[in-house]
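Colleague: Below is the structure I would like to discuss, written out as structure tokens.
The values are calculated or read from the model by the stated rules, or taken from the named source; none is laboratory data. All values reported here derive from a predicted model rather than from experimental measurement. Using ideal geometry, Cβ is built from the backbone for each residue, glycine included, and neighbour counts are taken over all protein chains shown.
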Amino acid sequence: MKSLLLSMILFLSVFCYGCENTTARGDLPDINHEPVEANLPVEGKIPTEAEHVPPAAETENNLDDVLYLHPNELGQVMILMYHEIGGEEATWRRSVENFRYDLEILYQEGYRPVNLMDLISGNINLPPGTTPFVLTFDDATLGQFRYLEDEEKKTVLDPDCAVAILLEMAEKYADFSVAGTFYIYYPIPFRQQAYVEKKLKALVAWGFEIGNHAYNHENLAKISREEAIASLAKNVQATLNYLPGYQVRSLALPYGARPKEDEHLVTGTWDDVTYRHEAILLVGANPAPSPYAKNFDPLRLPRVRADGQELPRWLEYFRQNPHLRFLSDGDPETITFPAEYADKLSEIAAGHKKIRTYDPDDY
Ligand SMILES: [Zn+2]
């Protein structure tokens, strides 16, 4: 720790540029504008995963190089909640145009998608100065994942469904991973009977996650404990029928409804099927704490409603309060944050990772 401090002081004396943390303010920038650079590494080049793993001997120096970005891995993370994609914008519906806009604005402002399971296990491998966010889609609606038939009767992915738009983003930007969790219910997730199996297999192959949204979207606060266990297990059983061996690891509560006694939401057994949810998602209404923070509770994860009000509101909140936003140091094995937040760190969540603190005023 002492040598670390010493090297930080030395470093400081020769390397204090970019100390100002400029942020974009005002209206949402047009998506055609240049990327907002405040939260991105300089040089205009974002290292890929393979590139930014430094040789062991240089790790410390390379980490010093990113402190001017003010990494804060105890900052908050947005878990976005979408329902229907396509059609006219409405309360639980995002138009295709707005969905594309959301993804672009998030990307341009330095947000990068990660899967929920990677977030909750603290497995965050992002370029320095970027912020993880999680995409979640409830209800397995048609607009989330739709196949069409072309003139030759060949099955093609609808380029305007959410899945196609996400794949397109991943194609367009090397550091936009295919990630997102689909909270599906039965009997016909994504509403095309003939393609249920094809879709579930494709989602997993692409790198998306499949979560539990009860068997038939039951309100888990209004049915008995036994009925709730059956509903949750039947969902997992149905997914396993299509995807043998797949682990359903998270639950989004239908209607956000949570029974008072709720241990059975985490694990339960019915008809020889046992489910285990490592994460439970609520419906509202704010960003989640960092997975390394003491107040991070994977069984009560709040989500930000990705509509025309809430998502812009929180994006603006983080523009105005950049110090509250999770900002990666680019090293998945080290947790970096301003020293003043040290009491927020959960030692358990940090596990074997290296801890590194600094004073933002010095960089
Ligand atoms: Zn739902």
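Colleague: Please state which one of Ile335, Ile348 is without any contact (Cβ under 8 Å) to a residue 12 or more places away in the chain and among the hydrophobic types (A, V, I, L, M, F, W, C).
Modeller: Selected residue: Ile348, the only one of Ile335, Ile348 that is without any contact (Cβ under 8 Å) to a residue 12 or more places away in the chain and among the hydrophobic types (A, V, I, L, M, F, W, C).
Colleague: Still on this structure, I have one more. Condition first: surrounded by 14 or more Cβ atoms within 10 Å (Cβ to Cβ), closer than 23 Å to Val248 by Cβ and touching a residue at least 12 places away in the same chain (Cβ under 8 Å). Can you find one or more residues in the range 306-320 that meet it?
Modeller: Yes, the range 306-320 has at least one match.
Colleague: Residue under question is Ile165, and the condition is that it be touching a residue at least 24 places away in the same chain (Cβ under 8 Å), hydrophobic (A, V, I, L, M, F, W, C), touching a His at 6+ places or on another chain (Cβ under 7 Å) and closer than 22 Å to Leu80 by Cα; does it hold?
Modeller: Judged against the criteria, Ile165 is not a match.
Colleague: Considering only residues that are more than 16 Å from the ligand (Cβ to nearest atom), under 30 Å from His70 (Cβ atoms) and aliphatic (A, V, I, L, M), which ones fall in the range 128-176?
Modeller: Val134, Leu166, Met169, Ala170, Ala174
Colleague: While we're here: So, Ala228, is that one at pLDDT 95 or above and either more than 16 Å from the ligand (Cβ to nearest atom) or surrounded by 16 or more Cβ atoms within 10 Å (Cβ to Cβ) (or both) or not?
Modeller: Spelling it out, Ala228 is indeed at pLDDT 95 or above and either more than 16 Å from the ligand (Cβ to nearest atom) or surrounded by 16 or more Cβ atoms within 10 Å (Cβ to Cβ) (or both).
Colleague: Looking at Leu200, is it touching a helix residue (DSSP H, G or I) at 6+ places or on another chain (Cβ under 9 Å) and within 14 Å of the ligand (Cβ to nearest atom)? Talk me through it step by step, then tell me what you get.
Modeller: On the way: touching a helix residue (DSSP H, G or I) at 6+ places or on another chain (Cβ under 9 Å): yes; within 14 Å of the ligand (Cβ to nearest atom): no.
Spelling it out, it is not the case that Leu200 is touching a helix residue (DSSP H, G or I) at 6+ places or on another chain (Cβ under 9 Å) and within 14 Å of the ligand (Cβ to nearest atom).
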